[in-house]
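As structure tokens, the structure follows; a few thoughts come after it.
The values are calculated or read from the model by the stated rules, or taken from the named source; none is laboratory data. None of these values were measured; they are calculated from a predicted model. Ideal geometry is used to build each Cβ from the backbone, glycine not excepted, and the neighbour counts take in all protein chains shown. Protein only, heavy atoms only, side chains kept; ligands, DNA and RNA dropped before computing areas. Shrake-Rupley method; radii C 1.70, N 1.55, O 1.52, S 1.80 Å.
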Amino acid sequence: MRLPLLAGWLSLALPIATVLADTAVQAEEAVRKAEVLEQVVAPDVEVREPVEPLEEQEAQVIDPEGSDPLEEPLTCLARSIYWEAKGVQGRDMESVANVVINRLASEEFPNTVCEVVKQGSEQSPCQFSWWCDGRPDEVVEGDAYEVAREVARQALNRELPDHTDGALYFHDRTVQPNWANEFLLTIETEAFLFYRPNDTAQ
């Protein structure tokens, strides 16, 4: 009696294991694509393999729950967009993505998205407030994270226009940091003000 039941369970478990293995392979390939796309933007990195855009379905298998470690480009970028602008309408998410990509392209900042996002430490001062606020970094609103991940995918594919006119810095409208006086204001959105150095030619 138990043998047919066991065989039935095994026949169900094998397709599930195959799907999980396929998803892991897809995620690995998607991460590889994202890393190549990141290298295309970084000024000090030579890209030696074909550059292919990251497709929407590929991006969905990377960090699907918003709880993976911050170790690869799409997750680091999506989590930054999510935590900095998840409750804001309009172009704010895209503009936050623009700043991260502009920094990645600048010789003044690190050569990977994750290094750009984590620059500084997990204690203040840091570059992005969500990274050093002492709170957990896992996603709490799945719908907002899906939007952030799609914006991140488009940013890595270089499909987003730069709404910020080359901005490397931004801050929330509710604060007035001292450093803002040192830079040129490039654009204002509903939630943020964006800046670039005065001597940056555009």
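Residues checked against (1) of a type in the set (Val, Ile, Thr); (2) touching a residue at least 60 places away in the same chain (Cβ under 8 Å):
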{"site": "Phe128", "(1), (2)": "no, no"}
{"site": "Glu138", "(1), (2)": "no, yes"}
{"site": "Ala155", "(1), (2)": "no, yes"}
{"site": "Leu160", "(1), (2)": "no, yes"}
{"site": "Thr164", "(1), (2)": "yes, yes"}
{"site": "Leu168", "(1), (2)": "no, yes"}
{"site": "Phe183", "(1), (2)": "no, no"}
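Look through region 171-192, keep the residues that are touching an Asp or Glu at 6+ places or on another chain (Cβ under 8 Å) and buried (at least 17 other Cβ atoms within 10 Å of the Cβ), and return whichever of them is nearest to Glu108 (Cα to Cα).
Thr186
Quick check on region 107-126: of everything there that is over 13 Å from the mean Cα position of the chain (by Cα) and touching a residue at least 60 places away in the same chain (Cβ under 8 Å), which residue is nearest to Asp68 (Cα to Cα)?
Looking at residues that are over 13 Å from the mean Cα position of the chain (by Cα) and touching a residue at least 60 places away in the same chain (Cβ under 8 Å), I get Asn111.
Do we find a residue being more than 19 Å from Asn157 (Cα to Cα), more than 14 Å from the chain's Cα centre (by Cα) and among the hydrophobic types (A, V, I, L, M, F, W, C) anywhere in region 79-91?
yes
State yes or no: is Gly120 surrounded by fewer than 19 Cβ atoms within 10 Å (Cβ to Cβ) and small (Gly, Ala, Ser)?
Judged against the criteria, Gly120 is a match.
Filter region 193-202 for residues that are crowded, with 20+ Cβ neighbours inside 10 Å and part of a loop (DSSP other than H, G, I, E, B) and give the result.
none
From (1) under 19 Å from Thr186 (Cβ atoms); (2) at pLDDT below 95; (3) of a type outside the set (Val, Ile, Thr), pick out the condition that doesn't hold for Lys86.
Single failed check for Lys86: (1).
Here is a yes/no grid of residues against (1) at pLDDT 95 or above; (2) touching a Cys at 6+ places or on another chain (Cβ under 7 Å); (3) farther than 23 Å from Glu35 by Cβ:
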residue	(1), (2), (3)
Val113	yes, yes, no
Gln127	no, no, no
Asn181	no, no, yes
Asp199	no, no, yes
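May I ask you to say which residue of Arg135, Arg158, Arg153 is modelled with pLDDT of 95 or more and open to solvent by 50 Å² or more (accessible area, probe 1.4 Å)?
Arg158 is the lone residue from the list that is modelled with pLDDT of 95 or more and open to solvent by 50 Å² or more (accessible area, probe 1.4 Å).
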